[in-house]
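Here's the structure we're looking at; comments come further down.
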Amino acid sequence: MPDLLQKQSYFYNLPKHLIAQYPLSERPQSRLMVLNREAQSISHQHFYDIVDLLKKGDVVVVNKTKVIPARLFGTKENGTKIEVFLLHQLNPDVWKCLVHPGKRIKIAQTIFFSDDLSGEISLSDEEGLREIAFHYKGDFWQILEKCGHIPLPPYIERNDNENDHSAYQTVYAKDNGSVAAPTAGLHFSQEILNILKAKGVIVTEVTLHVGLGTFRPVKVENITHHKMHSEFCIISKDTANIVNCAKLEKRRIIAVGTTSTRTLESFAKDSILEHGSKWTDIFIYPGKKFQIVDAMLTNFHLPESTLIMLVAALTGYDFTMKAYQEAVQKEYRFFSYGDAMLIL
């Protein structure tokens, strides 16, 4: 029996050609692997079949965060090219950022991104991050939409294109703040959501702004020593009431993605969902108990990542690794623009 607290237990071989580099033209056409934990069975369907797999009274919890065009390319006054990656907003005009090459900026100075946007960069903090105070003419978000680039994850080995501005965004995205998409939600079209709602499935929202930590690998062998990066999340009173009512009536809470799952479990107290806002660094791995989430829709995750560890906590380690091996054998598409898994 593998040691479930050892990082290497979550390794699997993934041929590079299975890493999806582009989205499908139709969101719900992706494949859907369905895991039934009670029967320990695996079936292979398509995402549009989810309308038959969910039932009246189910509560589907989605993350309404919106991916921002977080990559900016600018120049110093002397013409040196600088790349800036926005991490999170400290106040309306000041952001915490990664700057590359950071060593080129030894004193606080101005970077020019476009005719309408410049920024004053501070010296780095202990983690090597900078604060940038932006100066702009007009609406910041509109300017960012024009000159910023979608921050595709490193395993998508291409530059972003115009299509990514919409494809790397859920159809229900509302709140600016993420530097990576909550990718399980990318499969939903508005039509699928409408069919589910008409069937009596309740769709409710939370917010977790996905940070750069989502790409940070686990570097320690004993996973209990891994430190998660904090991410800001919000649950409204309405969502808490909807979820708590469903729990009382023994109806299923189905989290869309690991971000919704972590948000719900971060606000759980004695199996009751609280509301409010906070920074969370919750790390869910086998041995941790779920208080709110009964089922989950998720994509396929990187080997040895905190995300596959979360899936194993819900699904069971052996069943998770069996499902991943089958996904490789059947050539599912992996990661952000890849296929989905429904854990029931």
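The values are calculated or read from the model by the stated rules, or taken from the named source; none is laboratory data. Here the structure is a predicted model, which is why all the values come from computation and not from measurement. So basically every Cβ, Gly included, is an ideal-geometry build from the backbone, and we count neighbours across all protein chains shown. Ligands, DNA and RNA are stripped out before the accessible areas are found, and what is left, the full protein with its side chains, is counted by its heavy atoms. Shrake-Rupley method; radii C 1.70, N 1.55, O 1.52, S 1.80 Å.
On average, how much accessible surface per residue is there in the chain, in Å², for a 1.4 Å probe, leaving out ligands, DNA and RNA?
Per-residue value: 47 Å².
Just to be sure I follow the definition: excluding the sites themselves, where is the longest run in the chain that has none of the GluC sites (Glu not before Pro) in a DSSP loop with at most 14 other Cβ atoms within 10 Å? Walk me through the intermediate numbers first.
Working: sites that count: Glu26, Glu38, Glu77, Glu126, Glu127, Glu157, Glu162, Glu221, Glu249, Glu274, Glu331.
Here the longest run is 163-220.
What percentage of all Cα-Cα pairs in the chain are separated by more than 38 Å?
17
Taking 0.36 nm per residue of sequence separation and subtracting the Cα-Cα distance, how much length would be gained by fully extending the chain between Glu26 and Leu90, in nm to one decimal?
Working: separation 64, 0.36 × 64 = 23.04 nm, distance 3.66 nm.
Full-extension gain reported as 19.4 nm.
In whole percent, how big is the carbon plus sulfur part of the accessible area of the stretch 39-103, probe 1.4 Å, protein atoms only?
50
For Thr224, project a label point 7 Å along Cα to C-beta. Then give me every residue of the stretch 1-21 with its amide nitrogen under 19 Å of that point.
Residues 1-10 fall inside that zone.
State, to one decimal in nm, how far the label point of Thr75 lies from the label point of Ala39, with both points 7 Å from Cα in the Cβ direction.
For the pair Thr75/Ala39, the computed spacing is 6.3 nm.
Taking the chain as a Gaussian network, where each spring joins two C-alpha atoms under 10 Å apart, which residue of Leu186, Leu196, Leu90 fluctuates the most?
Leu90
Compute the long axis of helix 190-199 from its Cα atoms, compare it with the longest principal axis of the Cα atoms of the chain, and write down the angle in degrees, 0 to 90, nearest 10.
Taking the Cα atoms of the chain, the angle to 190-199 is about 30 degrees.
Distance between the C-alpha centers of the stretch 319-341 and the stretch 28-92? Whole Å please.
With the stretch 319-341 and the stretch 28-92 each reduced to a Cα centre, they are spaced 16 Å.
Using alpha carbon centroids, what distance separates the stretch 264-289 and the stretch 123-171, in Å?
So the separation of the two Cα centres works out to 29 Å.
To the nearest 20 debye, what charge dipole does the chain have about its Cα centre, counting +1 at the Cβ of each Lys and Arg and -1 at the Cβ of each Asp and Glu?
420
Against the longest alpha carbon principal axis of the chain, how many degrees, from 0 to 90 and to the nearest 10, is the axis of helix 306-315 turned?
10
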